[in-house]
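Down below is the structure, laid out as structure tokens.
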Amino acid sequence: MPRALALLVAAAVLFAACVPGPTTGASPSPTAPAKVQITDKTKDEIQAAIRAQRDALAKRDLNAYQATFDGQRNALRRCKTESFETAGRVGASAVVPTVVKVEPYLDAYVRAWVDEGSNGIARTYFRREEGRWIQTEPTKDEVGGEKKKTVDGLDIDYWGIDEDVVDAFAKGTLAARDKVIKAQLGESKRPFAIRFYPTREVAGIVQCNVVGFHLTNTPNDPYIRFFRYWFTPSLNELSPSTTSFIQHEGLHWAQDQFIVGITARLDWWLTEGWPDFIGQSRSLEYKRQVLCATRTPTFKELVDGPRDDLPETQPEDTVRYYAFANTMVEYLYAQFGPDAYKQLLVAYKDRVDPPTNYPKVLKVTPEEFYAGWLAFAKKKYC
């Protein structure tokens, strides 16, 4: 997996503790569910279910929380459990997501369009369980077959459940692709493609806080893969944050197109900071929050990247690194010019050695660069 944890929601509360959760929760879907009925009360009832889930998070009431989602959907349960664990460390959001529309899906489900705030409107699924609505997902057999559509040279892979939003996929991705092409470091050898995964089960074992990723160091695989995506209030376009995330992953593709496998040799902040800064993946508010109120990693930590392999590293810790990396590239451009990034990549192709490459390209030592960046970032954001 590329280091795409930056593609978390800007508030850094998409959770990924990957802690196995209890298997209790709602009972399995009935073998022959009654056809779902949407009434003038359904929208308010599902809104109440979402509020109950948020309230259970805020109160740290595990039993009440588990009662709000389908415990028999293993992938969903894993991510919901991780959300509960993370909320215990950073707190639950004070904002309750808002249901803007409900519609039937197959016989047993209601698809709710839910406004989740700055990222946009998500598609979330519910079913009836003992007279109440619980969050769930259609099973792998219920999401429709895998499909492909090509628009203006862009290959889009998706599942039938998303047939109604394929035009939005195409429009948003093409807009992101245009920006990637303009920002790429050299002529691309092939266009990128995109694949949208509609449910956790279909996505497989992917960290719950990952929005999308590109297989770095694999230039012959053109696909960027997306597991979370949001829409505008019109419901027929991808949200700006989603297109910025697509742009971020497209820029990882561009790194590989410039020098095959280069991200395996770069400092972590160079790998992730460039697509994050150019793709505008981090909000001003979040950068201020991180840079002014949390511990600044050492230079070595920013070279190595967050240690996701260590049990003490929490997902919210990992995502903060992206705000630091983002502003390091911002400083690189401001202080040394836009060509400095490309020149560093060329230097790292020949030798993986910051004490050699920084003076060679930037005419400063790593320590001087780090000190200059920190003063720049603190002055601008704090």
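Of note:
- The set of residues from the stretch 198-223 being open to solvent by 30 Å² or more (accessible area, probe 1.4 Å) and aromatic (F, W, Y) comprises just one member, Y223.
- Test: R89 is within 28 Å of S234 (Cα to Cα), touching a residue at least 24 places away in the same chain (Cβ under 8 Å), open to solvent by 40 Å² or more (accessible area, probe 1.4 Å) and part of a helix (DSSP H, G or I): no
- Any hit, the stretch 245-256, residues being open to solvent by 10 Å² or more (accessible area, probe 1.4 Å) and within 17 Å of the chain's Cα centre (by Cα): yes
- Single residue of A87, A64 found to be more than 19 Å from I46 (Cα to Cα) and in contact with a helix residue (DSSP H, G or I) (Cβ under 7 Å, 6 or more places away or on another chain): A87
- Residues in the stretch 206-224 that are assigned to a loop (DSSP other than H, G, I, E, B) and of a type in the set (A, V, I, L, M) were compared, and the one that is nearest to F196 (Cα to Cα) is V211.
- Strands (runs of 3 or more DSSP E) contained in the stretch 116-169 and holding at least 1 residues touching a residue at least 60 places away in the same chain (Cβ under 8 Å): 121-129, 132-136, 154-159
- Residues located in the stretch 269-291, provided they are among the small types (G, A, S) and modelled with pLDDT of 95 or more: G273
- Selected residue [of a type in the set (D, E, K, R), closer than 28 Å to T243 by Cβ, in contact with a Gly (Cβ under 8 Å, 6 or more places away or on another chain) and surrounded by 15 or more Cβ atoms within 10 Å (Cβ to Cβ)] from E82, E116: E82
- Scanning the stretch 271-286 for residues that are touching a helix residue (DSSP H, G or I) at 6+ places or on another chain (Cβ under 7 Å), of a type in the set (S, T, Y) and under 16 Å from T243 (Cβ atoms) yields one hit, S281.
- Residue, most open to solvent (accessible area, probe 1.4 Å), within the stretch 331-367, restricted to residues that are farther than 18 Å from A254 by Cβ and among the acidic types (D, E): E367
The values are calculated or read from the model by the stated rules, or taken from the named source; none is laboratory data. Note that the structure is predicted; figures quoted are calculated from it, not measured. Backbone-built Cβ (ideal geometry, glycine too); neighbour counts: all protein chains shown. Areas reflect the complete protein model, heavy atoms only, side chains present, ligands, DNA and RNA absent. Shrake-Rupley method; radii C 1.70, N 1.55, O 1.52, S 1.80 Å.
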